[in-house]
Amino acid sequence: MDYIIAIDQSTSSTKALLFDEQCHIVARTSVDHHQYYPQTGWVEHDAEEIYRNMVKAIAYLVNFTKRESASYSLAITNQRETAVVWSKQTGKPIARAMVWQDTRGAALCQQLRAEGKTEMVMEKSGLLIDPNFSASGVKWLLDQTEGAREEAAQGNLLMGTIDTWLIWKLTNGQVHATDTTNASRTMLFNIHTLQWDEDLLRLFDIPRTMMPEVRPCDAVYGETTVEDIFESPIKIAGVLGDSHGALVGQMCFEKGSGKVTYGTGSSVMVNIGEQPLPAPEGLVTSVGFSAFGRTWYGYEGNIYSTGATLKWIADQLQLVGHPSEMETLATSVADNGGVYIVPAFSGLGAPWWKSGVKGAVFGLTFATTKSHFLRAALESIAYQIKDLVDVMARATGGSLREICADGGPTKNRFLMQFQADLLETPVVCTEVDDASALGAVVMNGFARGIWRQFDEVTIFRKVTQVYQPQLSPENATLYAEWRRAVSQLIS
């Protein structure tokens with residue numbers, strides 16, 4: 001049996017999923033990692049903890065399926081933009097990883113926008129100048145960590161997104177590489193030349209020696225024994241960022257096809273073909289995926305807090321024991337009771353791009369119950385998706401035919417139905433909750449020659465539920481009130 005282990009390293013946990021030759025999930029496990037919030041606006045991860053958790057997850061899967069005749073390979077999909085800077089000599093990070101939600105780079109981004117750098121950055125990278133992307137955070141680490149500037153200037157420091165860090169660790173420092181999708185989210189990568197851009201590196205004062213080699217998604221990245229879990233080295237093949245993995249896992253290979261990933265944050269992405277077209281206001285252009293010697297691009301918009309909002313309610317406010325309990329309580333009331341939650345915990349992402357905005361709750365009265373609050377939290381996810389899809393639809397010439405949805409919150413039937421109602425568009429949920437992991441597996445198979453064209457893998461996408469929109473004038477009123485709440489924050 002030829003098994004593919006897909007690592008889905010997300011913002012809150014490291015999942016490992018074992019796929020067989022037919023892309024069926026045989027086993028899975030998940031290990032949470034700590035979230036660090038040292039100061040307001042700071043969001044950090046321990047990169048070494050993430051690596052240890054990945055090894056632990058892989059060991060579990062291998063012990064679960066250990067057979068004499070089994071062979072394995074490893075694919076990776078990961079939280080994007082989160083940046084790690086580490087010493088080439090010691091292999092130790094100079095600080096905790098700066099998570100994509102971190103806003104320490106906001107002042108620099110504001111300065112660059114004021115200096116008129118927006119057009120140049122967007123033309124080269126496809127991205128808006130925003131702390132969500134890696135560059136400003138890496139510059140902050142180099143500037144604020146004692147001795148880091150000197151070490152970087154001497155060529156002693158390396159940087160990368162989480163995929164790069166894991167590959168470097170897995171190969172014992174032999175491979176310092178990333179893929180085109182993760183590279184395209186750093187604000188340092190030229191999406192036209194598919195190379196690190198000297199002007200962007202100079203703008204953020206990041207030495208070229210720190211940057212990893214960029215490879216296609218369907219490349220072989222190296223070999224590893226995963227800390228001697230395997231007696232013989234196995235291949236690391238197939239690497240891409242999580243939202244791009246979901247685009248591939250949803251089989252959005254054709255121009256005009258798109259998906260919504262409901263995770264810690266949410267990504268709406270549509271395949272725009274093989275030309276990196278300028279994005280309309282509120283969206284960005286990124287590499288969608290690269291395979292078979294070709295590159296496809298996507299329009300994308302990112303929302304910072306969707307699933308993270310539900311986790312905050314469960315973990316911080318402790319209103320429920322687990323987010324899965326929210327649907328029953330939310331549907332126990334007829335409506336949201338006039339309550340609107342704008343979950344701008346790390347600012348507002350697309351299409352607003354207001355990093356300085358803080359979260360807020362509107363419409364509380366003595367009649368507000370926990371159920372109203374939970375319903376408003378779920379509704380806030382759907383409102384934010386609609387904000388993006390409306391821009392996306394206009395950019396692609398009209399309403400979208402359907403929305404392919406993936407991620408944990410898709411199990412919430414209330415949320416999915418409300419989403420379809422708001423968008424007036426069918427929401428299609430698929431059998432594989434972990435579309436990002438499936439996308440990594442597909443790229444792994446392309447890299448190893450198991451499949452040689454897109455048509456051979458489209459059969460792996462199986463629809464489980466389609467939520468048809470139920471049209472009601474009330475939906476327009478609810479959305480108008482949401483927009484009013486947002487406008488009070490950003491005005």
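For the reader, a short list of remarks on this structure follows.
- A straight line joining the Cα centroids of the stretch 321-389 and the stretch 116-184 runs 33 Å.
- Taking Cβ atoms as reference points and 13 Å as the exclusive limit, the residues near T477 contribute a net charge of -3, counting Lys and Arg as +1 and Asp and Glu as -1.
- With the gyration tensor restricted to C-alpha atoms of the stretch 118-263, the semi-axes of the equivalent ellipsoid amount to 25, 24, 12 Å, longest first.
- Listed by chain and number, the lysines placed with their C-alpha closer than 25 angstrom to that of K358 are K139, K311, K370, K386; residues fewer than eight positions away on the same chain are left out.
- Percent accessible area from carbon and sulfur atoms, the chain, protein chains only, probe 1.4 Å: 48 percent
- Euclidean distance between Cα centres, the stretch 406-451 to the stretch 288-315, Å: 12 Å
- Each eigenvalue of the Cα gyration tensor of the chain, multiplied by 5 and square-rooted, gives one semi-axis; in descending order these are 33, 27, 22 Å.
- Measuring between their Cα centroids, the stretch 49-67 and the stretch 72-107 lie 21 Å from each other.
- Helix-only [θ]222 nm of the chain, DSSP H runs n ≥ 4, -39500 (n - 2.57) each, per residue, nearest 500: -10000 deg cm²/dmol
- Of the DSSP H helices in the chain, those with a Cα length along their own long axis of 27 Å or more and a mean Kyte-Doolittle hydropathy reaching -1.0 comprise 47-65, 370-395.
- Longest to shortest principal axis, alpha-carbon extents of the stretch 68-158, angstrom: 62, 31, 22
- DSSP bridge analysis restricted to the chain gives an antiparallel fraction near 70%, rounded to the nearest 5.
- Estimated translational D of the stretch 25-66 in µm²/s (Stokes, Kirkwood radius over Cα pairs; 20 °C; 1.002 mPa s): 179 µm²/s
- Relative pair counts by distance (%), Cα atoms of the stretch 260-366, 5 Å bins: 2, 11, 14, 18, 17, 12, 10, 8, 5, 2, 1, 0, 0
- Prolate/oblate/rounded label for the stretch 398-442 (Cα gyration tensor, a/c 1.5): oblate
- Length gained when the stretch L489-E146 is fully extended (0.36 nm per residue, less Cα-Cα span): 119.8 nm
- Listed residues Y383, Y60 arranged by accessible area, highest first, probe 1.4 Å: Y60, Y383
- When the stretch 127-211 is described by a simple charge dipole with +1 on each Lys and Arg Cβ and -1 on each Asp and Glu Cβ, the residue from F204, T171, H192 located farthest towards its positive end is T171.
- Cα convex hull of the stretch 369-491, projected area averaged across orientations, nm²: 10.0 nm²
- Cross-link reach list, lysines versus K56, counting only Cα pairs under 22 Å and skipping chain neighbours closer than eight places: K15, K66, K92, K169, K235
- For the chain, a simple Cβ point-charge model (Lys and Arg +1, Asp and Glu -1, everything else neutral) yields a dipole of about 340 debye relative to the Cα centre.
The values are calculated or read from the model by the stated rules, or taken from the named source; none is laboratory data. Values in this document were obtained by computation on a predicted structure and should not be read as measured data. In this analysis, Cβ positions are derived from the backbone assuming ideal geometry, glycine residues included, and neighbour counts consider all displayed protein chains. Just the protein is used for accessible areas: all its heavy atoms, side chains included, with ligands, DNA and RNA removed. Shrake-Rupley method; radii C 1.70, N 1.55, O 1.52, S 1.80 Å.
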